[in-house]
Amino acid sequence: MTLPIRIGTRGSPLALIQANMVRAALMAAHGLTEDAFEIVPVVTSGDRIQDRALAELGGKALWTKELDRALMAGEIDCAVHSMKDVETIRPVEIAIAAMLPRADVRDRLIGAESIEALPAFARIGTSSPRRTAQVQALRPDLRVVLFRGNVATRLAKLEAGEADATLLAAAGLGRLGHHDVGVAVPVDVMLPAPAQGAVGIECRAEDAAMRDRLAAIDDIATSVAVKVERALLAALGADCRSPVAALAMCDGDAVQLSATLYAIDGSAQVSGRIDKGADVGERLAADLLARAPASVRALFAG
């Protein structure tokens, strides 16, 4: 393989940290030095446009399409993604080749000790349909205000009084060194987004040498869990507008999958869990859609 290996990434502070994590893992796995790699920041549409919700702008492809183009043009050899931001159906020319060990999957609430502790009619900042639905299911009185931007931007908006509280992924906060910011929300209160906490690396499907290099850093348990969660999304026909929470847990060869589908305003929901067997994502999706009220089922195309 030609060196340096060019690692494509978004240019946000968190994305660059994750790209450096991938570089460090590849260095350790293959006995390479830092100068065997080049980290290539790519500006995405999602980074450029910050004043509207993701669902209004074309969905998760806003985080991936520029990196996809650079990958297919041969400008980078692999691309690093937060897997929760990667659309479910990917181009056949691109392979998800590896995932790093998954970090904390939970959300952290910043601005209060708990959802219950927020004052009546408090404003909570988020752009996530899942978080919006979950918060309003727990506290219908809370008002949701749009929060877009990287972690620092959202924390600055909170500090400036644009909201009373916000929710951020524990994994991202931890990677940025903010381990003590906010309070972790238990998964039995708020299930995370599918693939939350997972960092994935893609390459060209035909690039056998790069796929082999990346396979050496693949965390099997994370890959299996994220594959199951993404299979659920695919079977549901979910997109960035669909309020869905899911978490797969691996125990040896067994996979336990839990998921909840919501109405947009959290006024209705349907939950389920499958503990074992093949095709757990597809089977749980079918079960949830069969039991979902019309206000929930209408948000999914499965």
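The residue list T166, T132 contains one member that is of a type in the set (S, T, Y), in a strand (DSSP E or B) and not assigned by TED's automatic domain parsing to the domain that holds E93, which is T166.
Yes/no per residue for (1) surrounded by fewer than 19 Cβ atoms within 10 Å (Cβ to Cβ); (2) modelled with pLDDT of 95 or more:
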{"position": "G11", "(1), (2)": "yes, no"}
{"position": "I17", "(1), (2)": "yes, yes"}
{"position": "V42", "(1), (2)": "no, no"}
{"position": "I49", "(1), (2)": "yes, no"}
{"position": "A53", "(1), (2)": "yes, no"}
{"position": "L71", "(1), (2)": "no, yes"}
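For residues that are under 15 Å from the mean Cα position of the chain (by Cα), under 12 Å from G111 (Cα atoms) and of a type in the set (V, I, T), tally how many sit in the range 141-187. Within the range 141-187, residues that are under 15 Å from the mean Cα position of the chain (by Cα), under 12 Å from G111 (Cα atoms) and of a type in the set (V, I, T) number 0.
Just one of the listed residues (A195, A171) is outside any helix (DSSP H, G or I), crowded, with 23+ Cβ neighbours inside 10 Å, among the small types (G, A, S) and at pLDDT 95 or above, namely A195. L247 meets each of the listed conditions (1) touching a residue at least 40 places away in the same chain (Cβ under 8 Å); (2) in the same structural domain as A79 (by TED's automatic domain parsing); (3) of a type outside the set (S, T, N, Q) apart from (2).
The set of residues in the range 115-145 being in contact with a Leu (Cβ under 8 Å, 6 or more places away or on another chain), within 21 Å of E159 (Cβ to Cβ) and of a type outside the set (S, T, N, Q) consists of I115, L118, F121, A122, R123, I124, G125, R131, V135, L142. For the range 212-228, a residue qualifies if it is part of a helix (DSSP H, G or I) and of a type in the set (V, I, T), and the qualifying residues are I220, T222, V224, V226, V228. If I filter the range 102-111 for residues that are in contact with a Cys (Cβ under 6 Å, 6 or more places away or on another chain), basic (K, R) and either more than 19 Å from P192 (Cβ to Cβ) or not in a helix (DSSP H, G or I) (or both), do I get at least one hit? Checking the range 102-111: not a single residue is in contact with a Cys (Cβ under 6 Å, 6 or more places away or on another chain), basic (K, R) and either more than 19 Å from P192 (Cβ to Cβ) or not in a helix (DSSP H, G or I) (or both). As a summary of the residue check, A254 satisfies the conditions (1) surrounded by fewer than 17 Cβ atoms within 10 Å (Cβ to Cβ); (2) over 17 Å from A221 (Cα atoms); (3) of a type in the set (G, A, S) except for the one numbered (2).
Against the condition surrounded by fewer than 22 Cβ atoms within 10 Å (Cβ to Cβ) and either in contact with a Lys or Arg (Cβ under 8 Å, 6 or more places away or on another chain) or modelled with pLDDT of 95 or more (or both), how does L214 come out, does it pass? Considered against the rule, which asks whether it is surrounded by fewer than 22 Cβ atoms within 10 Å (Cβ to Cβ) and either in contact with a Lys or Arg (Cβ under 8 Å, 6 or more places away or on another chain) or modelled with pLDDT of 95 or more (or both), L214 comes out as no.
Here the condition is being surrounded by fewer than 21 Cβ atoms within 10 Å (Cβ to Cβ), under 30 Å from C250 (Cβ atoms) and in contact (Cβ under 8 Å) with a residue 60 or more places away in the chain; of P101, P140, P129, P91, it holds for P101 alone.
The values are calculated or read from the model by the stated rules, or taken from the named source; none is laboratory data. Fair warning: this is a prediction, and the values are worked out from it, not measured in the lab. In this analysis, Cβ positions are derived from the backbone assuming ideal geometry, glycine residues included, and neighbour counts consider all displayed protein chains.
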